[in-house]
Amino acid sequence: MSLQFISFVEKPKAHKSPIWSVRWSPSGNVVASGGLDNEIKIWDAETGDYYRTLEGHILAVTGLDINPTGEVLISISFDNTIKRWGVLEGILINDIETKPGEVCCGQYSKDGNYFATASQHGTIDLRNDSNLEEIVATYTSEGKYGLCCRFSPDNKILALSTDNDKIYLFDVETAKIVHKLTGHSGNPIRSLDFTPDGKHLISGSDDETINIYDVKHGNQISKCTGHEGYVMCVAAASDNKHFVSGSTDCKIKLWQLPEKNEKTQVVDTIEEHKEAVSCISWNPDGDKFVVGTDNLLLKWYCVAK
Amino acid sequence: MNFGSIQKVVEIPLPISNQTVEIDCDQLGTAGETLNMFGSEIIDMKYWIHFALFYNVIRESPEEAVSILERGLLSPGSIEERCKCLNLLASTYFKMYKAPKYQANVDQKNHFLVQATEKFNEASQLNPQNLISLVGKGLIYLAKKDPVQANREFSNALRISPNFIPALFGLARIQYSHKSFKDALATYQRIVRLNPFMIHPDPRIGIGLCLNKLNRFNEAVQAFDRAIAMNPNSVPANILLATIEFDIAKQLDPYKDVTDEERLANYCAGMERVELALNIDPTKSSALILLAHGFYLREEMDFSLEALRRAEKYADSRFMQSETHYQLARAYHFIEEYDKAFYHYYHAIDINENHTSARYGYGQMLIRNGYYEEARDEFEKLWVLNVKNLDVTTVLCVLNAHIGFNDSDQSVKQKALNDFDRISKAFIEDKYKNPDISTVKAWFFEQKKNPVKALASLKKAKELYERLHRPVPFELLNKMGNMAFKAKFYDEAIEHYSEALKIIEELPEKGGYRGLTVCYNKGRANEAAHKTEQARNIYKKIIDHSPEFVLARLRLAAIEDKLKNHHKVDEIIHEVLDLDEENMEVKKIHALYQLRRGDFQTPRNFLHSLAEKNDLVAITALGSLYLIKARLIKQEQEKPQREAYYKRAVELFQRALNLNPRNIWAANGITVALAETGRMQEANEGFWKILQNCPKPEFNINYAHTCALLGDYGNAIRFYEVASKKYQHRDYQIMEWIARVYYIIGKERKNLESLETALDWTQRALRLKPDHKIALHNLALLQQTRAQLIRDAKLGQSKVGVTAPITAASPNISLSELKKVIAWAQWSTKTFEEILKEEYKKVMFDRDLVKNRVAFGNSMIGSFEKKKKELEVIEEQKEAERTERKRVEEENRRIEEQRIAEEAILEEERRKRAAEEDRVRNERLQEYAAMQKILYAREEKSKRRRYSSDEDDRGMSSKKSRRGFNL
């Protein structure tokens, strides 16, 4: 089976500055993007038509996520606020202040009831979606700055990557560390993603590699080399077999996850971008994804056999 | 043509003296004496012919036979005899033409051929049907390499006499040379049927050769066997049989599956045959060559050379001479007497330029002696001769590639590279199924610095090995690993090395040093793929196996250095130095490690000792060391010391530059010293020069630094950005420098856009390093500065701090904008406050300054809030006005609506009234109509009643009318 990327929508100058985060709504209706220009923009998920801009952050938007119904968007910014927006109406619902430099990444739980944020102390704060200010649980690692956090698909595990090579897997219920994963030779790990079946965790690092871990046993099963820059984003496809990665080397790679004793293989590489590829998000069906680049470009791809 | 039965004693009538003489041929003297003996006597032509045959065959002296025959031609004889004489003369000339002793003399040879042609033609003119002349002409054409003409002559002869055997032989030769082996076989078989006992020449040999060419080897051997059975003394049959035996012994193409025992048997049989042939004819050069070949196969070179020296003496044709030289060359080549081999190869192709094997050997010798271009020409000739086999193509490719990469002459280089492309493209790899050419192509691509293509070629080579079921050499796999490594396919490289190591495991002594190298390479690939743990294990394994493998230890040290395990680095280095305490390179590496981690004291003495030996690296490193020392001195009172350090650094760098003017790091060091001692313009120019020589990002940065300090912000930004881009925007420090320049521009020129750009770059830096407190501080500073700029510009805030009266009439800032600015100010102040907290203590901030910023921020927020309030009042007024306007409008609208509603009601009423009126009218009308109907009906009824009373009297109607008129 040979897969290939085909681009079908392209939005040059989607933002005024580099795009740092993009999210294809889990309900499939819209795509949201945010970045250095402080703005969040909402696009039609299929046609890329522009819908509206969510204005309010006074510094760069570093992370965003949309709840499972596709109605609520939470954004995180260098301006030390977490903002909660109505996607459809384009209104700001809540505005929570954090400490300067406290958070830069967050994710909704799969049921949409909670929002987890990775903090500068190497912790994850679990917040109630209906009341973001309320921290319902804190997961403490021994690591330094938390760069990325992800819920496992069954909501039972929270993964946290740090800027010094460590990934911590927490039991959501007990807040205990289940596994501590290493393997990026002391480098920051900027992106994480679970495969939808929850079996594997994919990590992208500044060491230019991507590691694949067995979530259950907590061991590394593969190391993918090929990028020649920081791996800024990894995103698992819904088929549990593929994932994509983007890097400062301006390349996007489609990988096939290893089956028994195989190695992870690159299926396709896109080399058309001129600047770093910072963020990637799949559609819920797992046959399309959208990428955001430092070149102010949003681009939609489908994966064709 | 059997001359064995020449009558020895002849009686010759002498017409002039009218006598008869009896001549015993054995008693004859030289041809001259014989000619003199007859003086002017006219004897019949047939006697001359007889004598000529005698001289030719018995005395083996064609020259004498020729002189006799020339005289004979002047004698009387029948046409038939004349023909015979001419044919014999032509044949003899032809024989002389082919004789070895005349081979060297080309003019003489050609003369013989011309004579032979003339005489055969004369004979043909006398009798066009003469078969011998026809065949003779055919043979001459063959000698002239004109098979078409030759074929015509043989065909003519066969038309006259279809079974004329010499013509059939000629025909068979032509068919054979045209590779029509089946036709040739049929012709030879026809000859056998026509004359089953013919052995001079033996058509069976022709049959055998044809069968051999048709790959019917067993039948070929049978044919040669029959030839020997017919004539045990047949030298060619023995030789040919021996050739086949040797071919089997050599396991040539069709005999691949022959066992060793069989080979030996075949070899012995071959030698036997050769010896038999030599017993019959000890001077037969082809047999001698074959004997030599036999010895060569057994690698008994002394015997081989002995046989060849004899063959050299007896070689009776150019072909044989050439072959002898070739065999000699080959034997000398084998025993590594290259000069002699060179000589004989040269003579082999000098005599027979089509001897491809000899040319190949000659080419090899040229390569040995470094005459690459000449060698290339030789192999090119082979290629032109259509010997496009693997070896030739491979060597040609290598030579072209070699010349292409190494020759100083650009045109020669280019031509060679083009030729390489042409040849390797023309070469169909699949056809030859040999991996070597792919290996050569890989090497070519490697030289062209294209590891991806090189790797592809190597993969092809590996594939061919596998398809041929030949073991893949581990060197190939190692090479594949190297190419994959160069192409940065590190995982793939690891795989190739692992595969190579698997093969090495099976080798005796596990491949020795080369095996270790592959292992080391695998370690390097793991390291490059960031698989540090694996790499470390591999190096440790190598060291366990061979402790003297220093490279592996140094890599281990490098890994530990990267992980900042400094004591481990020292440990490893000491282990290496324990093995080899004089290893200066290792000591130097260690010194550099120490320097890099900030330990300037330990390595200083060592570096000095190296520097005394003019070690460039040491001198440059020492220069840098003094630069750093100078930089560390901050106190003003220690200024002289600082100056001294800078001076020392510059001296060292200058010395390094004197040793190597291209030492860019030394040049850079000097320029850094210039910059740091305030000689900025000079430094700027220096860095520019360095950058022109070496556009490394480091130098871009240095140049940009000086530009920034000299106020050339445009160039500063440009060169910083180039450097940042080169590092894929992964260096947060460069981003901060860029931001800094934009900040300066923004402040100096009160330019908000520049501040915004500075903000962008700072945020990019912060994103790369989110725990970078300085970036956070700078963000706050930028936001505060932006707010300040807007305050100064739009709130009319003067520098003395007097707030200009803000009139409601001229608010040049909108409330929403102001709110945004307040947010900036608040955010920055809050961030400054945060920075003042305990946890930021370890970051080197000027806390008083930050405190001032907090205060300044708060005061600014105050004035903003004030302005905000004013704006809000205005906004409220506006809002009130808006509300009032809205209220009035609303009221008006309401009134209007009411009016419309009332009107609507009135209208409705009117409409209702009208409708009622209509209804009433209608009703009345209807009533009226109904009334009328009733009235009418009533009238009608009464009328009808009246008429019905008149009904009886119809005839009275006129009366009625009349009566009517009366009314």
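The values are calculated or read from the model by the stated rules, or taken from the named source; none is laboratory data. Remember, it's a predicted structure, so these values are computed and weren't measured experimentally. We place every Cβ from the backbone using ideal geometry, glycine too, and count neighbours over all the protein chains shown. Side chains are part of the model used for accessible areas, which takes the heavy atoms of the whole protein and leaves out ligands, DNA and RNA. Shrake-Rupley method; radii C 1.70, N 1.55, O 1.52, S 1.80 Å.
Across segment B:739-760, what is the number of residues that are open to solvent by less than 20 Å² (accessible area, probe 1.4 Å) and either over 18 Å from residue B:711 (Cα atoms) or within 14 Å of chain A (Cβ to nearest Cβ) (or both)?
Step one: filter segment B:739-760 for residues open to solvent by less than 20 Å² (accessible area, probe 1.4 Å), giving B:739, B:741, B:745-746, B:754-755, B:758-759.
Pick out the ones that are also either over 18 Å from residue B:711 (Cα atoms) or within 14 Å of chain A (Cβ to nearest Cβ) (or both) and you get B:739, B:755, B:758-759.
So the count comes out to 4.
Residues that are of a type in the set (S, T, N, Q) and open to solvent by less than 20 Å² (accessible area, probe 1.4 Å) within segment B:664-683 comprise B:668, B:671, listed in sequence order. For residue B:642, the conditions (1) more than 24 Å from residue B:586 (Cα to Cα); (2) at pLDDT below 80; (3) surrounded by 14 or more Cβ atoms within 10 Å (Cβ to Cβ) all hold with the exception of (2).
With respect to (1) open to solvent by 80 Å² or more (accessible area, probe 1.4 Å); (2) under 32 Å from the mean Cα position of the chain (by Cα); (3) farther than 25 Å from residue A:211 by Cβ, the lone exception for residue B:516 is condition (1). Select from segment B:66-82 the residues that are surrounded by fewer than 22 Cβ atoms within 10 Å (Cβ to Cβ) and in a helix (DSSP H, G or I) and list them in ascending order. B:67, B:70, B:71, B:73, B:79, B:80, B:81, B:82 - these are the residues of segment B:66-82 that are surrounded by fewer than 22 Cβ atoms within 10 Å (Cβ to Cβ) and in a helix (DSSP H, G or I).
Kindly check whether there is at least one residue in segment B:354-369 that is within 24 Å of residue B:310 (Cβ to Cβ), touching a residue at least 12 places away in the same chain (Cβ under 8 Å), over 35 Å from the mean Cα position of the chain (by Cα) and crowded, with 20+ Cβ neighbours inside 10 Å. Taking every residue of segment B:354-369 in turn, none turns out to be within 24 Å of residue B:310 (Cβ to Cβ), touching a residue at least 12 places away in the same chain (Cβ under 8 Å), over 35 Å from the mean Cα position of the chain (by Cα) and crowded, with 20+ Cβ neighbours inside 10 Å.
Filter segment A:56-73 down to the residues that are more than 11 Å from chain B (Cβ to nearest Cβ), open to solvent by 10 Å² or more (accessible area, probe 1.4 Å) and not aliphatic (A, V, I, L, M) and list them by number.
First pass over segment A:56-73, keeping only residues more than 11 Å from chain B (Cβ to nearest Cβ): A:64-73.
Next, from what is left, pick out any that are open to solvent by 10 Å² or more (accessible area, probe 1.4 Å): A:64, A:67-69, A:71-72.
Residues satisfying the conditions are A:67, A:68, A:69, A:71.
Only a single criterion out of (1) touching a residue at least 40 places away in the same chain (Cβ under 8 Å); (2) away from every other protein chain (no Cβ under 14 Å) is not satisfied by residue A:216, namely (1).
Of the residues making up segment B:817-863, those that are at pLDDT below 85 and either away from chain A (no Cβ under 14 Å) or open to solvent by 70 Å² or more (accessible area, probe 1.4 Å) (or both) are B:837, B:838, B:839, B:841, B:842, B:844, B:846, B:847.
Of all residues in segment B:491-504 being small (Gly, Ala, Ser) and either free of Cβ contacts under 8 Å to residues at least 12 places away in the same chain or in contact with a Phe, Trp or Tyr (Cβ under 9 Å, 6 or more places away or on another chain) (or both), which is nearest to residue A:264 (Cα to Cα)? That would be B:493. For residue B:722, the criteria (1) more than 12 Å from chain A (Cβ to nearest Cβ); (2) closer than 29 Å to residue A:161 by Cβ hold in every case but one, which is (2). Among the residues of segment A:277-285, at least one is free of Cβ contacts under 8 Å to residues at least 60 places away in the same chain and within 14 Å of chain B (Cβ to nearest Cβ). Counting the residues of segment B:769-816 that are at pLDDT 90 or above, at the interface with another protein chain (Cβ under 9 Å from one of its Cβ atoms) and in contact with a strand residue (DSSP E or B) (Cβ under 9 Å, 6 or more places away or on another chain) gives 0. Counting only strands (runs of 3 or more DSSP E) that sit completely within segment A:96-164, those holding 2 or more residues that are within 14 Å of chain B (Cβ to nearest Cβ) correspond to A:103-108, A:114-119, A:146-151, A:157-162. Considering (1) open to solvent by 90 Å² or more (accessible area, probe 1.4 Å); (2) within 14 Å of chain A (Cβ to nearest Cβ); (3) touching a residue at least 12 places away in the same chain (Cβ under 8 Å); (4) not basic (Lys, Arg), the lone condition that residue B:579 does not fulfil carries the number (2). Which ones in segment B:525-546 are at the interface with another protein chain (Cβ under 8 Å from one of its Cβ atoms) and of a type in the set (S, T, N, Q)? Scanning segment B:525-546 gives a single hit, B:532.
May I ask you to say which residue of B:95, B:46 is under 13 Å from residue B:140 (Cβ atoms) and in a helix (DSSP H, G or I)?
Details: B:46 fails: under 13 Å from residue B:140 (Cβ atoms).
Unique residue meeting the criteria: B:95.
Scanning segment A:151-205 for residues that are among the hydrophobic types (A, V, I, L, M, F, W, C) and open to solvent by 30 Å² or more (accessible area, probe 1.4 Å) yields a count of 4. Scanning segment B:469-490 for residues that are more than 14 Å from every other protein chain (Cβ to nearest Cβ), of a type outside the set (Lys, Arg) and either touching a residue at least 60 places away in the same chain (Cβ under 8 Å) or open to solvent by 60 Å² or more (accessible area, probe 1.4 Å) (or both) gives B:469, B:471, B:475.
Yes or no, residue by residue, for (1) part of a helix (DSSP H, G or I); (2) acidic (Asp, Glu); (3) within 17 Å of residue B:212 (Cβ to Cβ); (4) modelled with pLDDT under 75:
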residue: B:232; (1), (2), (3), (4): no, no, no, no
residue: B:243; (1), (2), (3), (4): yes, no, yes, no
residue: B:248; (1), (2), (3), (4): yes, no, yes, yes
residue: B:257; (1), (2), (3), (4): no, yes, no, yes
residue: B:265; (1), (2), (3), (4): yes, no, no, no
residue: B:269; (1), (2), (3), (4): yes, no, yes, no
residue: B:273; (1), (2), (3), (4): yes, no, yes, no
